[in-house]
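Bear in mind these aren't lab numbers, they're just calculated from the coordinates by the rules spelled out. None of these values were measured; they are calculated from a predicted model. Cβ coordinates were reconstructed from backbone atoms using ideal geometry, including for glycine residues, and neighbour counts include every protein chain displayed.
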Amino acid sequence: MLSVEEYLAEVLDLVTPLGEVDVVPVAQAVGRTLALPIVATADVPVMANSAMDGFAVRAADLSMGAILQVVADVPAGSPLDPALVAGQCCRIMTGACVPSDADTIVPVELVDQSADRQRITVREVPARGAHVRGAGEDFTRGVEVLPAGIALGARELGLVSGAGVAEVTVVRRPRVAVVATGDELRPPGARLERGQIYESNGLFLATALAAAGADVVAALTLPDDDDEFAAGLESAASAADLVVLSGGVSVGDHDVVRIVLQARATSAFRHVLMQPGKPQGWALWKTAAGRMVPLVALPGNPLSTMVSFELFVTAVLDRLLGRASQGWQVAVAGIDWVPPVRRRQFVPVVVEVDAQGCQRVTPVHRRGSASHMVSAAAQADGLAMVEADVERVHAGDTVSFRRYR
Ligand SMILES: Nc1nc2c(c(=O)[nH]1)N[C@H]1C(S)=C(S)[C@@H](COP(=O)(O)OP(=O)(O)OC[C@H]3O[C@@H](n4cnc5c(N)ncnc54)[C@H](O)[C@@H]3O)O[C@H]1N2
Ligand code: MOO
């Protein structure tokens, strides 16, 4: 039996970072991983500008009751830079360039305006420099605003476009094929005969892989026949950087993935000290074209597939993409529960934050981490991890927690 860490190290050894890149417009870069850092093409703010709608003034002119003459109007986007001499100011809107002769903004609420809007009387005196957003205050041209290895979400893309960058260099998406195996599998909607079940791992894996940044190039369901399975696997692998399989990894007579890969590939089938997800396998499949394609074979029970995906497949994708892997946080148990014996437990939990700000996690299902359940993972916020030597989790005990991405 291997520890989770030992098995993870074996699986990670199967792949090296992809190293190939795409250059894509920023609007099409969501979910992609930066291959090169983002360097600002401009200062942000690009120029000193007003944080308020009001009047740009010279601080030297300010006193309670001072009357200033309004000599210009500067809305946002205006190129105007009106000259201001003593006793003069200009009307300015939020985001507009502060005139070179002004150093302070008086918000419109702090003045009285004459009926003809040509003069203002100052009712409250702001500090020198008030409401002026300085050029380069956020960052300056030439600085790195995001490092390589970052996955681009909405917030990152806001920053990238704000920094004036139109195209980003991202890691090519890993091409991943999904193979579900089992004679019993039927598509949802089909009429089930005795012994048959609805296929769910294939769609789960394809969807989770795409959400994690993969290009899913094939999603097949293959039977437990050795030759048919091998032929399907060859077609899946021929277009892929990685194949993720579900089912058939255990010790049964029809566990086609183990049987075929042990006979026809470089492979290892392991028992890992985790529950769910004890039987695991990996292989290197030599395609007809002579390319070695890494395969990660997950146990077929739906919760085993989901947990194994979280622990191993996401880590492999992170490595291919050159991206940091997600860590574990500290949480406390919301209730008592009994974890399985001698294996580290990964149990789907809901999380709530208590009055003290602690994350309290509670298994979503009375069956805890029983591996046949399809509902538990979907109803959970993430996984709690309980070490193998824990005989009973007590409410208030510290446990590790990882939120689904
Ligand atoms: N004698 C032993 N038997 C088993 C052991 C063991 O150590 N000794 N380990 C058990 C554990 S733990 C697990 S987990 C499973 C893993 O088995 P396989 O990976 O070989 O998976 P299958 O037998 O193909 O399927 C298990 C279960 O999951 C259902 N399944 C499979 N694929 C799908 C799919 N795509 N969608 C939905 N459900 C699927 C399948 O019908 C089975 O019910 O082995 C234990 N046995
Ligand atoms: O490891 Mo299996 O996933 O316990 O049922």
Counting only other residues whose beta carbon sits under 12 Å from that of Pro25, what net charge do I get with K and R as +1, D and E as -1? -1
Hey, what do the phi angles of the stretch 83-89 turn into as Karplus ³J(HN,Hα) couplings, whole Hz, using 6.51/-1.76/1.60 and θ = phi - 60°, x for Gly and Pro? 6, 10, 10, 3, x, 10, 8
Taking every DSSP beta bridge with both residues inside the chain, roughly what % is antiparallel (nearest 5)? 70 percent
Electrostatic dipole magnitude of the stretch 1-148 [Cβ: Lys, Arg +1; Asp, Glu -1; Cα centre; debye, to 20]: 920 debye
Out of residues 5 or more away from Asp43 or on other chains, whose amide H comes under 5 Å of its own, with H placed 1.01 Å from N in the peptide plane? Arg141
Report the Cα centroid-to-centroid distance between the stretch 273-319 and the stretch 184-257 in angstrom, as an integer. 12 Å
Out of residues 5 or more away from Ile150 or on other chains, whose amide H comes under 5 Å of its own, with H placed 1.01 Å from N in the peptide plane? Leu34
Quick one: if you stick a label point 7 Å off each Cα along the C-beta vector at Val24 and His271, how many nm between them? 4.3 nm
Total charge dipole magnitude, the chain, about the Cα centre, Cβ charges on Lys, Arg, Asp, Glu only, Debye to nearest 20: 260 debye
Rounded to the nearest Å, what's the spacing between the alpha carbon centres of the stretch 324-387 and the stretch 97-120? Just the number, please. 58 Å
Once the piece of chain linking Arg264 and Ala59 is laid out straight, how much longer is it, given 0.36 nm per residue of separation minus the C-alpha distance between them? 65.7 nm
Per residue, the convex hull volume that the Cα atoms of the chain enclose (Å³): 197 Å³
The chain, relative contact order in percent, only Cα pairs under 8 angstrom and at least six apart counted: 16 percent
Which ³J(HN,Hα) values, rounded to whole Hz and listed in residue order, are derived for the stretch 16-28 from phi using the Karplus coefficients 6.51, -1.76 and 1.60 in 6.51 cos²θ - 1.76 cosθ + 1.60 with θ = phi - 60°, glycine and proline given as x? 10, x, 4, x, 9, 10, 10, 10, 10, x, 4, 5, 10
